[in-house]
1. Taking into account only those residues within the stretch 153-174 that are over 19 Å from the mean Cα position of the chain (by Cα) and open to solvent by 50 Å² or more (accessible area, probe 1.4 Å), which is farthest from Arg46 (Cα to Cα)?
2. Here's a check for you: in the stretch 170-194, which residue that is β-branched (Val, Ile, Thr) and touching a helix residue (DSSP H, G or I) at 6+ places or on another chain (Cβ under 6 Å) is farthest from Phe212 (Cα to Cα)?
3. Of all the residues that make up the stretch 59-87, how many are aliphatic (A, V, I, L, M), open to solvent by less than 10 Å² (accessible area, probe 1.4 Å) and assigned to a loop (DSSP other than H, G, I, E, B)?
4. Tell me which of these Gly124 doesn't satisfy, since it passes every other one: (1) touching a Leu at 6+ places or on another chain (Cβ under 8 Å); (2) modelled with pLDDT under 95.
5. Restricting attention to helices (runs of 4 or more DSSP H) lying wholly within the stretch 94-206, give those where 1 or more residues are hydrophobic (A, V, I, L, M, F, W, C) and within 30 Å of Ile332 (Cα to Cα).
6. Restricting attention to the stretch 246-270, which residues are under 20 Å from Asn185 (Cα atoms), of a type outside the set (Gly, Ala, Ser), in contact (Cβ under 8 Å) with a residue 24 or more places away in the chain and in contact with a Leu (Cβ under 8 Å, 6 or more places away or on another chain)?
7. Taking the stretch 137-152 as the search range and keeping residues that are open to solvent by 10 Å² or more (accessible area, probe 1.4 Å) and over 15 Å from Pro74 (Cα atoms), which one is nearest to the chain's Cα centre (by Cα)?
8. Looking at Asp256, Asp304, Asp260, which one is surrounded by fewer than 17 Cβ atoms within 10 Å (Cβ to Cβ) and either at pLDDT 95 or above or not in a helix (DSSP H, G or I) (or both)?
Amino acid sequence: MLFRSRFAEALDLLRTALADKPDYATARWNKSLLDLRLGNFAEGWRGYEWRWRYEGFPTPRRDLAQPLWLGDEPVAGKTVAVPWEQGLGDTIHFCRYLALLEERGARVLFAPQRPLRGLMKGLGGNVELVDLLDLLEDRVTFDYQVPLLSLPLAFATASDSIPNAAPYLRPEAVRVARWRNRLGNHGFKVGICWQGNTGNLDRGRSFPVSSFASIARLPGVRLINLHKGDGLAQLSSLPDGMEVETLGDGFDAGPDAFVDTAAVMTLCDLVITSDTAVAHLGGALGVRTWVALKAVPDWRWQCDRTDSPWYPTLRLFRQKSRGRWQPVFGDIE
């Protein structure tokens with residue numbers, strides 16, 4: 001509740017700043033994040049469009065010649081192009097909206113990040129996957145374009161109208177069968193991920209793999225490593241009595257990210273992860289997933305709540321004070 005009250009205070013300060021300077025893009029952007037965090041979705045999605053004028057925004061604006069679609073024009077019989085933006089987790093989170101475009105009768109061209117093209121084949125429907133350069137260089141024909149994270153605004157998403165049916169992504173059946181044979185059916189399988197990509201975005205989100213030590217010692221529990229990249233070296237110095245099963249060099253070794261991860265996650269009884277793309281993948285797959293969150297996490301996890309309106313199968317465990325993960329894992333255990 002303390003954090004919520006400070007957010008409300010910050011919102012008042014931003015309103016004051018914008019009353020004096022309405023075109024202050026940084027204030028517009030920060031206000032939109034606060035509005036979304038506090039559940040003020042109508043105001044938040046409108047303000048989120050200022051991201052393209054915020055100098056610190058990580059994705060460059062795509063200057064496509066086709067008109068921007070934000071929900072006003074009918075799209076039945078039209079072709080709508082949707083380019084990716086921001087991170088892999090954002091794509092996994094918001095690709096759910098492509099089905100809503102199809103429901104309106106649109107032909108949908110989706111340009112995800114290249115590493116996600118394999119995973120996005122599990123979207124279902126008739127979404128056509130294209131490369132971003134196909135859109136930028138007019139290699140394909142389309143009538144409208146809309147950036148991926150503008151779709152909540154286009155569909156007027158409110159707290160009671162979030163499209164949260166799960167699963168909306170499905171793993172490759174062949175990979176699921178392969179990993180089922182590899183993992184077997186014994187034990188209570190817990191997929192774990194403790195770190196995202198390093199950088200400013202990951203600051204404070206990750207925790208040491210040793211945080212899982214008490215869970216690893218529970219009778220019948222098997223910890224299955226879902227993590228790749230930075231942080232793997234921690235597996236060479238685990239606490240006594242802690243074991244983590246690794247899945248070999250071939251695990252997600254090709255050009256497609258998360259295709260093996262998705263298959264393995266559906267075979268786990270539970271996934272426990274930091275706030276990274278694995279959390280969004282668990283929700284998209286409809287897998288039972290517990291997410292350990294830092295004291296002030298990303299806006300989409302909102303405030304205080306232990307569930308997520310975006311993902312029915314997620315449960316949220318929050319730090320009560322900055323940097324302290326032990327109480328979080330005490331709650332998880």
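1. Looking at residues that are over 19 Å from the mean Cα position of the chain (by Cα) and open to solvent by 50 Å² or more (accessible area, probe 1.4 Å), I get Val174.
2. Per the criteria, the residue is Val176.
3. Here the count works out to 1.
4. Gly124 satisfies all of (1) touching a Leu at 6+ places or on another chain (Cβ under 8 Å); (2) modelled with pLDDT under 95 except (1).
5. 117-120, 173-183
6. Asp260, Thr261, Val264, Met265, Thr266, Leu267
7. Pro147
8. Asp304
The values are calculated or read from the model by the stated rules, or taken from the named source; none is laboratory data. Everything numeric here is computed off the predicted structure, so don't read it as measured data. As a convention, Cβ positions derive from the backbone with ideal geometry for all residues, glycine included, and neighbour counts pool all protein chains shown. Ligands, DNA and RNA are stripped out before the accessible areas are found, and what is left, the full protein with its side chains, is counted by its heavy atoms. Shrake-Rupley method; radii C 1.70, N 1.55, O 1.52, S 1.80 Å.
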